[in-house]
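Presented below is the structure to which this report refers.
Please treat every number below as a calculation from the coordinates, not as lab data. The model shown is predicted, which means the values in this text are computed figures rather than measured ones. FYI the Cβ positions are ideal-geometry reconstructions off the backbone, even for glycines, and counts take in every protein chain you see.
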Amino acid sequence: MHALRTKIAIWGEALTGSIREPKATMWFVKSLVGYALLKLIFLWPAAAVMLRYHTLTLPRSWAGKLILAPAVVANLNVHVFFASVIAFLAVMLFVRVNFRLNLVFFWLMVNLYVVNLPSGNGSDLVLLMLSFWCILIDDLRQGRGDDALATTAHNVGRLLCQLQIVMLYAVSGWDKLMSESWRTGEAWAYIRNLDVLANTYLHGLLQGPTLNVLFAWSTIAFECLFVVLVWFKRTRLPMLFVGTVIHLGIWILLSLPDFGLVMIVSYVVFLKDEDVARLRGWIRR
């Protein structure tokens with residue numbers, strides 16, 4: 001019991017004592033906003049065509065219409081919706097983050113999720129959930145570093161974003177491990193031959209029973225190991241690097257750029273301020 005109380009005290013101090021990785025956390029929020037901005041720019045033409053033939057089902061209550069007001073606007077004029085949201089996100093990239101802006105960001109992502117629901121995928125849900133946890137994050141360099149409540153909220157928001165990604169890998173890895181089709185490599189072979197996913201320019205490459213099993217088990221191993229190793233200093237950056245390579249591979253092989261990019265962007269929340277300083281120095285050089 002004493003050891004447990006000690007650990008709880010350490011965890012409590014980590015969340016409430018001081019601001020955790022403020023620069024890296026701001027990089028993460030800005031990266032997430034930048035990803036959303038790019039997604040909207042590329043989605044705009046397709047959404048304009050989609051909404052020409054598909055009317056969104058929206059709530060009739062005043063409360064529902066208020067929450068989904070931007071989606072109501074999209075139903076009336078999709079170009080006004082996209083132009084307005086893109087303008088807001090562009091401004092958000094150049095101003096200091098606070099929980100009010102993050103709340104508006106989440107509100108807009110909820111409406112984007114509704115607008116894009118007919119053609120959405122897993123990246124929309126990841127973006128939505130991360131934007132929700134970001135509500136708690138505030139740029140505490142604005143003179144609020146001594147605010148205990150704001151500090152705790154900031155640290156908790158960062159931790160919840162990390163746990164969101166870790167749980168995604170945990171559930172996905174466990175499901176694959178329990179699936180016979182993944183253990184035998186059959187699932188990977190099936191995915192590689194889906195006309196709607198597989199990159200037609202690379203069709204036929206890197207295929208075969210042995211490679212299917214190798215790729216399937218590599219995916220399972222990475223997802224299961226990420227859950228544990230991303231928390232340790234020596235293995236954190238190597239796991240993030242391997243994950244980046246894997247998602248770039250999925251991007252190219254399966255033509256899933258939006259999901260691959262949002263997962264790579266999510267890795268920024270695991271960086272430390274020292275990593276950010278090192279990256280800035282590398283970029284300047």
### Message
Only sites in a loop by DSSP and with at most 12 other Cβ atoms within 10 Å count here; which chymotrypsin sites (Phe, Trp or Tyr not before Pro) in the stretch 222-266 make the cut?
### Response
F232
### Query
Where the convex hull is taken over the Cα atoms of the chain, what is its projected area averaged over directions, in nm²?
19.4
### Task
Tabulate in residue order the Karplus-calculated ³J(HN,Hα) for the stretch 115-126, using 6.51 cos²θ - 1.76 cosθ + 1.60 with θ = phi - 60°, rounded to whole Hz; enter x for Gly and Pro.
4, 8, 4, x, 10, x, 8, x, 5, 5, 5, 4
### Members of K30/K233; K233/K272; K39/K65 lying beyond 19 Å, as alpha-carbon distances in this model show
K30/K233; K39/K65
### Task
Starting from the Kirkwood radius over alpha-carbon pairs of the stretch 203-275, derive D by Stokes-Einstein at 4 °C in a medium of 1.567 mPa s and give it in µm² s⁻¹.
97
### Message
For a protection proxy built on the mean count of beta-carbon atoms within 10 angstrom, sort 168-178, 54-64 highest first, please.
### Response
168-178, 54-64
#### Entry: Loop sites in the stretch 229-276: trypsin sites (Lys or Arg not before Pro), DSSP, at most 15 other Cβ within 10 Å
K272
### Query
According to the Cα gyration tensor, what semi-axes, each the square root of 5 times an eigenvalue, does the equivalent ellipsoid of the stretch 76-185 have, listed from largest to smallest in whole Å?
30, 24, 9
#### Entry: Helix-only mean residue ellipticity at 222 nm for the chain, each DSSP H run of n ≥ 4 adding -39500 (n - 2.57), per residue, nearest 500
-24500 deg cm²/dmol
### Message
What Kirkwood Rh does the stretch 47-91 have if only Cα atoms enter the pairwise 1/r average? Answer in Å.
### Response
11.2
